[in-house]
Amino acid sequence: PSVVISGVGLWTPNYSISNEELVASYNAWAERFNTEHAQSIEKGELEAKPLSSAAFIEKASGIKSRYIYAKEGALDIERMRPLLDARGDDDVSHQAEMAIAAAKKALIAANKTAADIDMVIVSCAYTQRSYPAIAIEVQAALGIEGFGFDMLVACSAATFGLQRAVDAVKAGTSKGVLVINPELTSPQVNYMDRDSHFIFGDVATAVVIEPSATCQSAHSFEVVSTKCVTSYSNNIRSNFGYLARVTDEDPYAADKLFHQNGRKVFKEVCPMAAEHIEAHLHSEGIPVSDLKRWWLHQANINMNLLISKRLLGRDATLEEAPVVLDEFANTASAGSIIAFAKYHEDLSCGDIGVICSFGAGYSIGSLILRKR
Ligand code: CO8
């Protein structure tokens with residue numbers, strides 16, 4: 001049976017941090033570090049911390065601002081990480097709270113209720129605990145019968161989760177699926193690392209997948225096909241994990257946070273993503289020129305320009321390949337879904353678009369969609 005995306009929900013946190021605020025905090029921290037360690041730096045025993053710049057950030061990435069779930073602490077040079085309230089077992093967890101807010105919006109957009117859903121996938125770059133699954137907590141809060149589970153696929157968590165959902169509906173084992181991406185990235189950002197302190201923001205997105213036969217939505221898209229691929233790379237990595245307790249490593253060490261070889265990622269992932277999209281479209285007999293919209297992963301504006309240029313032979317316009325990086329920064333797997341959420345209502349019946357994510361793993365996932 002034909003399967004559709006019938007609704008999408010986007011939840012944004014209450015707080016944001018501009019490049020200027022972020023850079024002022026980092027530079028104050030770096031200058032203090034350099035003053036405090038002046039002698040060791042002078043002797044060559046320690047490297048001075050380089051200064052950051054808002055102009056560099058915008059030019060290198062397209063990012064101007066990012067949302068943050070909890071702003072307190074993140075800019076405090078005594079702390080350099082957000083401060084979250086620790087919640088008890090009987091309170092709703094932080095990530096479930098974000099997920100529930102986005103899921104409710106997706107259900108409204110799809111004109112559905114909890115009774116229409118029987119599968120909940122929470123898919124994102126990190127979950128705040130291993131069990132019980134965040135998805136099961138969300139399922140209970142929304143009153144959904146059936147089952148839920150969590151998935152981790154870094155930047156491609158949303159597209160890989162959507163593939164699972166599409167397959168389940170196609171197979172007839174599910175009548176409706178919520179795929180939710182509560183991307184709480186800020187706790188994993190190293191705000192003391194000049195090269196990566198600006199990259200990530202927090203957000204939650206959610207999508208409803210169902211058979212076209214039950215769809216009652218004003219803006220729905222048939223899922224023409226999905227394609228996922230992974231190829232192992234250490235160029236984007238976080239070593240945070242439950243083994244830290246027994247390996248006796250420093251749980252606050254920089255390698256326990258997001259770190260990357262950004263230049264290599266750029267060089268290696270752009271051609272992979274372009275080839276992936278081209279091969280996916282080719283397998284469906286769709287010429288690249290037929291694509292009305294590219295809802296691309298939002299990691300870096302120059303990456304997106306390069307990928308679309310490789311395929312189109314020219315720069316994509318903002319209408320063709322919308323950018324949300326300026327407002328949201330990189331939101332791990334949610335980026336392409338934010339682009340879809342904000343820029344799909346203007347398409348006409350029969351128009352074709354592609355959602356494509358690419359990132360850590362490496363992992364690349366795409367969905368070809370046709371407006372109904
Ligand atoms: N301010 C001023 N100067 C800076 C700064 C800064 N903040 N940062 C770097 N510079 C300097 C560098 O030191 C360098 O100086 P020099 O030329 O003297 O060596 C110069 O600026 C140029 O630096 P780069 O070569 O590093 O700059 P790039 O133009 O390559 O831009 C980027 C850096 C923006 C990081 C770019 O390489 C990039 O975007 N690469 C792709 C990265 C990417 O897409 N990563 C995706 C990872 S996300 C993902 O997969 C999800 C993981 C899970 C989520 C994690 C949540 C926490």
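Filter segment 294-323 down to the residues that are within 23 Å of Lys64 (Cβ to Cβ) and more than 19 Å from the chain's Cα centre (by Cα) and list them by number.
The initial filter retains those residues of segment 294-323 that are within 23 Å of Lys64 (Cβ to Cβ), namely 294-309, 315-323.
Across segment 294-323, the qualifying residues are Leu306, Ser308, Lys309, Asp315, Ala316, Thr317, Leu318, Glu319, Glu320.
Among the numbered criteria (1) surrounded by fewer than 17 Cβ atoms within 10 Å (Cβ to Cβ); (2) within 16 Å of the ligand (Cβ to nearest atom), which one does Tyr26 miss?
Result: Tyr26 passes all but (1).
Evaluate the following for Ser52: is it modelled with pLDDT of 95 or more, touching a Lys or Arg at 6+ places or on another chain (Cβ under 9 Å), among the small types (Gly, Ala, Ser) and over 19 Å from Ile199 (Cα atoms)? Before you say what the answer is, go through the steps one by one.
Values: modelled with pLDDT of 95 or more: yes; touching a Lys or Arg at 6+ places or on another chain (Cβ under 9 Å): yes; among the small types (Gly, Ala, Ser): yes; over 19 Å from Ile199 (Cα atoms): no.
No: the conditions fail for Ser52.
Listed here are the residues, each with its yes/no results for (1) in contact with a strand residue (DSSP E or B) (Cβ under 8 Å, 6 or more places away or on another chain); (2) touching a residue at least 40 places away in the same chain (Cβ under 8 Å); (3) under 13 Å from Ile180 (Cα atoms).
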residue	(1), (2), (3)
Ala115	no, no, no
Val120	yes, yes, yes
Gly143	no, no, no
Gly148	yes, no, yes
Leu152	yes, no, yes
Ser156	yes, yes, yes
Phe160	yes, yes, yes
Arg164	yes, yes, yes
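Mind telling me which of the residues Ile307, Ile352 ends up being in contact with a Pro (Cβ under 9 Å, 6 or more places away or on another chain) and among the hydrophobic types (A, V, I, L, M, F, W, C)?
Ile307
Among Ser186, Ser283, Ser196, which is crowded, with 17+ Cβ neighbours inside 10 Å and out of contact with any helix residue (DSSP H, G or I) (no Cβ under 9 Å at 6 or more places or on another chain)?
Only one candidate passes the filter, namely Ser186.
Taking Ser16 and the conditions (1) farther than 30 Å from Thr173 by Cβ; (2) within 16 Å of the ligand (Cβ to nearest atom); (3) in contact (Cβ under 8 Å) with a residue 12 or more places away in the chain, which numbered condition does it fall short on, given that it satisfies the others?
That leaves (2) as the condition not met.
Looking only at segment 302-350, which residues are in contact with a strand residue (DSSP E or B) (Cβ under 9 Å, 6 or more places away or on another chain), within 16 Å of the ligand (Cβ to nearest atom), aliphatic (A, V, I, L, M) and in a loop (DSSP other than H, G, I, E, B)?
Residues satisfying the conditions are Ala321, Val323, Ala329.
Would you pick out the residues in segment 77-123 that are buried (at least 19 other Cβ atoms within 10 Å of the Cβ), in a helix (DSSP H, G or I) and among the β-branched types (Val, Ile, Thr)?
Ile100
Among Ala48, Ala74, Ala99, which is the only one that is within 30 Å of Asn304 (Cβ to Cβ) and either away from the ligand (no atom under 16 Å from the Cβ) or over 27 Å from the mean Cα position of the chain (by Cα) (or both)?
Values: Ala48 fails: within 30 Å of Asn304 (Cβ to Cβ); Ala74 fails: either away from the ligand (no atom under 16 Å from the Cβ) or over 27 Å from the mean Cα position of the chain (by Cα) (or both).
After applying the criteria, what remains is Ala99.
Does segment 226-240 contain any residue that is touching a strand residue (DSSP E or B) at 6+ places or on another chain (Cβ under 6 Å), part of a strand (DSSP E or B) and of a type in the set (Ser, Thr, Tyr)?
Within segment 226-240, one or more residues are touching a strand residue (DSSP E or B) at 6+ places or on another chain (Cβ under 6 Å), part of a strand (DSSP E or B) and of a type in the set (Ser, Thr, Tyr).
Search segment 49-68 for residues that are more than 27 Å from Leu184 (Cβ to Cβ) and pair each with any residue that is within 8 Å of the ligand (Cβ to nearest atom) and not in a strand (DSSP E or B) when their beta-carbon atoms are under 6 Å apart and the residues are at least 6 apart or on different chains.
Here the result reads Pro50/Arg194, each pair linking segment 49-68 to a residue that is within 8 Å of the ligand (Cβ to nearest atom) and not in a strand (DSSP E or B).
Please name all residue pairs, on different chains or six or more residues apart, with Cβ atoms under 8 Å, provided the first residue is in segment 259-270 and is within 6 Å of the ligand (Cβ to nearest atom) and the second residue is part of a helix (DSSP H, G or I).
That search, which allows pairs on different chains as well, returns Phe266/Asn302; Phe266/Met303.
Looking at Ala48, Ala55, which one is surrounded by fewer than 17 Cβ atoms within 10 Å (Cβ to Cβ) and assigned to a helix (DSSP H, G or I)?
Values: Ala48 fails: assigned to a helix (DSSP H, G or I).
Checking each option against the conditions leaves just Ala55.
The values are calculated or read from the model by the stated rules, or taken from the named source; none is laboratory data. In this text the structure is predicted, and so the values were computed from the model without any measurement. Note: ideal-geometry Cβ built from the backbone for every residue, glycine included; neighbour counts use all protein chains shown.
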